Amino acid sequence: MSAVAYMIDDSARSKDVDVWFALPPGFVPLPLDELAAATRDVAQAEDPVTGLGPVLRLAQLLLEAGAVHCCLGLHADDEGDGGPLLSLFTLAWRGTDWAPRSVLAGRAAAGTEGAEHIETLDLPCGPASLVQTRLHEPPELGLGAPDGLLQVTAYVPCLDGRRVAILSLATTEVEHARHYRDLLRDIAGTVSFEDPLPEASDDEPDKE
């Protein structure tokens with residue numbers, strides 16, 4: 001069996017990193033800070049780029065909600081007409097009073113309003129929970145989603161028992177809920193709060 005190949009983002013080797021995870025192909029990072037700054041620039045421009053409006057407004061909303069990482073997902077609909085399926089992956093942190101990690105995971109799930117699906121997860125990094133909800137589309141986004149937004153969220157308590165990593169997938173493709181639950185469950189399974197990357201060796205040439 002051959003090993004799974006990963007592309008390592010430069011941010012994974014930053015000294016400020018405190019959580020690592022892997023995303024499957026089809027996800028493209030979105031620079032939230034730059035997009036939020038562009039929102040202000042567009043608002044002040046005489047001839048704003050209206051086509052970017054929903055994306056820019058979404059970036060602003062995500063930053064206000066505490067997101068520190070965001071990726072746009074684009075995948076083919078293998079069960080339908082083969083058209084593109086869009087999703088949004090975000091990572092955020094929630095501070096909390098100390099508690100056992102299993103308690104934090106259960107508390108986060110139990111406190112979710114309107115949950116359509118809840119399950120506990122036993123991940124390599126420790127206990128976690130996964131919750132599915134249906135959200136109303138923020139009117140300022142203008143996505144045209146009559147069935148609302150599907151959001152699947154994994155709550156993964158940090159090793160110190162004082163923070164919870166919140167990984168979320170949101171999409172208008174509500175009929176694919178099971179697949180998005182499976183996808184986020186797989187992503188959550190790669191989460192690590194300790195650096196999983198091998199140390200770079202000065203004796204070996206860089207590999208593309």
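Mind checking which residues of the range 159-177 are over 16 Å from the mean Cα position of the chain (by Cα) and of a type outside the set (D, E)? L159, G161, R162, R163, V174, H176 - these are the residues of the range 159-177 that are over 16 Å from the mean Cα position of the chain (by Cα) and of a type outside the set (D, E). Looking across the range 73-105, the residues that are open to solvent by 70 Å² or more (accessible area, probe 1.4 Å) and in contact with a Leu (Cβ under 8 Å, 6 or more places away or on another chain) come down to L74, P84, L86. Restricting the search to strands (runs of 3 or more DSSP E) fully inside the range 112-186 and requiring at least 3 residues that are under 21 Å from R94 (Cα atoms), at pLDDT 90 or above and open to solvent by less than 20 Å² (accessible area, probe 1.4 Å) gives 126-135, 149-157, 163-171.
The values are calculated or read from the model by the stated rules, or taken from the named source; none is laboratory data. Fair warning: this is a prediction, and the values are worked out from it, not measured in the lab. Every residue, glycine as well, gets a Cβ built from its backbone with ideal geometry; the counts of neighbours run over all protein chains shown. Heads up: the accessible areas ignore ligands, DNA and RNA and are worked out on the full protein's heavy atoms, side chains in. Shrake-Rupley method; radii C 1.70, N 1.55, O 1.52, S 1.80 Å.
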